[in-house]
Amino acid sequence: MLLRLVRRSYAAVCPLSTEAATAVKSTRSGGGTSTTTSSEGGTSTATSSGGRDTLGKRLLSLVYAKRSAVIAIRKWKEQGHPVRKYELNRIVRELRRHKRYKHALEVCEWMRVQDDIIQLVSGDYAVHLDLIAKVRGMNSAEKFFEDLPDKLKVQTTCTALLHTYVQHKDTAKAESLMEKMSECGFLNCPLAYNHMLTLYISQGQLEKVPRLIEELKKNSAPDIVTYNLQLGVFASQNNVEAAEKAFVELKKAKLDPDWITFSTLTNIYIKNSLQDKAKSTLREMEKRISRKLRFAYASLISLHTNLESKDEVFRIWKEMKSMFHKLNDTEYTCILSSLLKLDEFGEAMKLYTEWESVSVTKDTRISNLLLAAYINKNEMEKAVEFHNRMVQKSKPPSYTTWELLTWGYLKQKEMDKVVGFFKKAVTSVSKWDPDTKMVKEMFHVVEEQGNIQVAEQLLVTLRYAKYVNTEIYNALLRTYVNAGKMPMIVAERMKKDNVKMNEETQKLIGLTNKMTVTEVPDFVA
């Protein structure tokens, strides 16, 4: 349970969902990087086209968002260099690939006012709209679209606006726009449909998917992205027969399945204990990944882990280390999660030590994987030793770190330590998202032990977290009943906390009134 808790905080290590992987794939492109110095100062990533000074290098080396791409273009022109549209479009693509949206938008806006030398087409405006949505929000993107002349409100710009609605999960506006695009004859390719499929899947509206795919088939033809999204739906429904039928249809359409296709099929087969089929599709998946598809290797390792193929996990990891100069946190998280799942704790510790020596992030989410593993093994002494190591070598402990230690000692019913770590967890965040299961379990143990001191400390901590209710006060009173003690000023404290009594509260107060009076602890007031 604790390992699952940590994995949820680092979801990127799981096999990519079809729609997520499709989105990643569509935004990735080739091209190396190198370090260069900006004419305005600072160092950043630039294209690896050599040492020659180019406008692209200057724009990519701006580093900080507050620096102006327009000023850099002006300086380039003042120095007698030509500015060509095809080059600026390539630079915009590169900036978008590096998520430098603000500078990419500035380049687009500069091109837009150069109508004497640069002639823009609808595709340029579609890119411009997408960047506005990313930098300034959906409303600004809508305004940009509305202000376009009618001759530019065409398929490309409408699809860009639809993509914006999908990203903001605005189903009503997306469906309305789809209707208008249908009236204008703009739905003769699968892209808009794929956007809507992504939206419905992300919103859990899977009942809308079949109808939309049928409509797509009437107006155009599904592409590989469509089929991958459909396979993702069948995977979530654990429907092997439907997935295999879709795969046959894909092949009949003479489309080439990609690594995402086979990754999704493998996942379905593993869930249904179809080991031989899973191994077969996994081999096909591996044939379709390469150095350029680096992010696919994490999915490959996770799927081999689910097949309990230890040798294959080690083989892929060895291949990754030989292929890539430096492995990132996500990749280390993937292999550590896999090794722990395969009960290879010793190997996991070796790789954790390796990560510790090379990581610049010292991300506590990775450390928490090992901490959770110790706690799952009921080795709290080693867990604390490891926690001390984390404190010495990593960033300050995160909420999850304190939460794990709270659960660990809760399993041991060492409530003095539980309340201490729980307080650290709650005070480590600006707003605590109540963990009702944890609260219920903590009070269950203190009730069982009749530990009124800890019960009162828990109440104080929960009051600080602004999570006090009738049931918590009833749990406090049940603890007093089990301890054979009468609490003081409970009614006054409940009134101060704006908590109402119920029938059980009244009954418990009546029981404690017959017991020995106890003093209010100093920390309660």
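Data overview
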read-out: In sequence order, calculated HN-Hα J values of the range 382-391 (Karplus, 6.51, -1.76, 1.60; Hz; x Gly/Pro); value: 5, 4, 5, 4, 5, 4, 4, 5, 4, 4
read-out: Unit charges on C-beta of K, R, D, E only; dipole of the range 385-457, Debye; value: 400
read-out: Length-normalised contact order of the range 297-390 in % [C-alpha pairs under 8 Å, at least 6 apart]; value: 23
read-out: Over 27 Å (Cα to Cα) - which of 99/424; 153/252; 287/350; 143/169 fall in this group; value: 99/424; 153/252; 287/350
read-out: Partner aspartates and glutamates for residue 417 [C-alpha distance under 17 Å; skip if fewer than 8 residues away on the same chain]; value: 379, 381, 385, 403, 441, 447, 448, 456
read-out: Solvent-accessible area per residue for the range 289-340 (1.4 angstrom probe, square angstrom); value: 43
read-out: Mean residue ellipticity (222 nm) of the chain, computed from DSSP H runs ≥ 4 via -39,500 (n - 2.57), nearest 500; value: -20500 deg cm²/dmol
read-out: Cβ charges +1 (Lys, Arg) and -1 (Asp, Glu), total dipole of the range 196-344, debye; value: 400
read-out: J(HN,Hα) series, the range 157-167, from Karplus relation 6.51 cos²θ - 1.76 cosθ + 1.60, nearest Hz, glycine and proline x; value: 6, 5, 5, 5, 5, 4, 4, 4, 4, 5, 4
read-out: P(r) of the range 233-383 over all Cα-Cα pairs, binned every 5 Å from zero, in whole percent; value: 2, 9, 17, 18, 17, 14, 11, 7, 4, 2, 0, 0
read-out: Protein accessible area in the chain, 1.4 Å probe - carbon and sulfur %; value: 50
read-out: Stokes-Einstein D (µm²/s) once Rh is taken as the Kirkwood radius of the range 402-495 over alpha-carbon pairs, at 4 °C in 1.567 mPa s; value: 98
read-out: Which listed pairs, of 440/466; 321/341; 393/431, have C-alpha distances above 24 Å, in listed order; value: 393/431
read-out: Unit charges at the beta carbon, dipole of the range 141-240: most positive-side option, 166, 198, 182; value: 198
read-out: Relative contact order, percent, the chain [alpha-carbon distance under 8 Å, six or more residues apart]; value: 10
read-out: Once the Cα gyration tensor of the range 192-322 is diagonalised, semi-axes √(5λ) in Å; value: 28, 16, 13
read-out: Per residue, in Å², the accessible surface of the range 97-214 once ligands and nucleic acids are set aside, probe 1.4 Å; value: 47
read-out: Selection from 351, 383, 502 lying farthest towards where the dipole of the chain points positive, charges on Cβ; value: 351
read-out: Positive-pole candidate from 133, 445, 305, dipole of the chain, charges at beta carbon; value: 133
read-out: Distance from the range 323-378 to the range 471-492 (C-alpha centre basis), Å; value: 44
read-out: Net charge dipole size for the chain [Lys, Arg +1 and Asp, Glu -1 on Cβ; Debye, nearest 20]; value: 1160
read-out: Cα-based Rg / Dmax (Å) for the chain; value: 29.0, 95
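The values are calculated or read from the model by the stated rules, or taken from the named source; none is laboratory data. Note that the coordinates shown come from a computational prediction; the quantities given were computed from them, not determined experimentally. Neighbour counts are summed over all protein chains in view; Cβ atoms, including those assigned to glycine, are modelled from backbone coordinates with ideal geometry. These area figures cover heavy atoms from the full protein model, side chains too; ligands, DNA and RNA do not enter into them. Shrake-Rupley method; radii C 1.70, N 1.55, O 1.52, S 1.80 Å.
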